[in-house]
Amino acid sequence: RQIILDLNELTMIPKLLFANNRIERLSVSYNKLNSISRDLFLSLKNSLEHLEVEHNKLFHLPDSLAQVARLRHLSLAYNQLEESPPLPGRIQTLSLAGNFLTSIPSALQTLEPGSIRYLDLSYNRISNLLPNEFLDWSTSLGTLNLRGNRIAQIYKNVFPASMPVKEINLSFNDLYYVDPQSFSNLSSSLHVLESSSTLFSGYFPFEIEEGLENLSWLSFDNNDFHILKLSKLASFAYVKYLNLDYNRIVDISIDE
């Protein structure tokens with residue numbers, strides 16, 4: 001039921017696999033694939049649940065991927081994709097890390113509400129997070145990884161109240177502006193926020209009207225904060241871990 005062909009030099013997936021319609025897990029990471037036949041997905045559409053095709057040379061996948069109805073876990077990390085292929089509607093975990101995406105994939109809009117729980121879009125070329133990108137498809141999303149993109153601003157209401165995300169990673173972006181109400185819809189769900197090396201400067205915490213009250217893990221190391229306001233930290237009643245190392249803090253203020 002499982003076939004693992006990682007760390008080889010395959011340029012195509014052997015046609016022998018097409019005849020085996022009982023494969024539940026297929027992994028062909030760290031090969032030299034530049035395409036996948038649409039017939040592979042058609043032959044496995046009623047069995048395949050877990051697919052890993054990481055660290056190859058794929059720039060396109062066939063539309064037949066969307067017909068793999070049982071697929072729940074998909075990783076296409078570190079290929080050459082400029083957009084997401086069509087997706088099966090009940091994906092639970094998806095990694096498109098290390099590709100050439102420039103925006104949140106529109107293919108996510110076709111997912112069934114309540115399906116996806118983990119989304120990794122790290123190390124792409126995403127520059128904007130826009131309102132209405134996280135809609136019905138994100139109603140079960142627990143982890144969102146946007147590390148290593150080119151995001152400069154986060155606007156008000158980008159993250160809807162219907163998205164119960166617990167962890168967001170924004171590290172290694174080019175952030176210079178975060179709207180004070182960016183996280184206001186996540187006040188009951190967000191527990192982990194990582195924003196290391198994102199060019200923040202000035203004082204910490206920066207201005208946030210609401211939405212961070214339940215945080216337990218807060219990482220803002222390797223930024224450019226100069227002043228730490230202890231009075232503002234009191235609002236983070238549940239923080240158990242706070243990382244501010246490698247900043248430029250020269251003053252700690254206790255005033256309101």
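The table for this structure:
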item	result
In region 138-156, the residues that are closer than 24 Å to residue 93 by Cα and touching a Pro at 6+ places or on another chain (Cβ under 9 Å)	138, 139, 140, 141, 142
Given (1) over 18 Å from residue 221 (Cα atoms); (2) surrounded by fewer than 19 Cβ atoms within 10 Å (Cβ to Cβ); (3) among the aliphatic types (A, V, I, L, M), number of the condition residue 190 does not satisfy	(2)
Any hit, region 81-89, residues being within 21 Å of the chain's Cα centre (by Cα), surrounded by fewer than 18 Cβ atoms within 10 Å (Cβ to Cβ) and farther than 24 Å from residue 142 by Cβ	yes
Among residues of region 188-213, those that are outside any strand (DSSP E or B) and modelled with pLDDT of 85 or more, counted	8
Residues (surrounded by 14 or more Cβ atoms within 10 Å (Cβ to Cβ) and either touching a Phe, Trp or Tyr at 6+ places or on another chain (Cβ under 8 Å) or at pLDDT below 95 (or both)) located in region 7-23	12, 13, 17, 18, 23
Selected residue (criterion: nearest to the chain's Cα centre (by Cα)) from residues of region 150-173 that are in a loop (DSSP other than H, G, I, E, B) and farther than 16 Å from residue 193 by Cβ	150
Residue in region 114-133 that is hydrophobic (A, V, I, L, M, F, W, C), part of a strand (DSSP E or B) and not assigned by the TED database to the domain that holds residue 6 present	yes
Count of region 94-115 residues which are surrounded by 18 or more Cβ atoms within 10 Å (Cβ to Cβ) and within 13 Å of the chain's Cα centre (by Cα)	10
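The values are calculated or read from the model by the stated rules, or taken from the named source; none is laboratory data. Not measured: the values here are computed from a predicted model. Every residue, glycine as well, gets a Cβ built from its backbone with ideal geometry; the counts of neighbours run over all protein chains shown.
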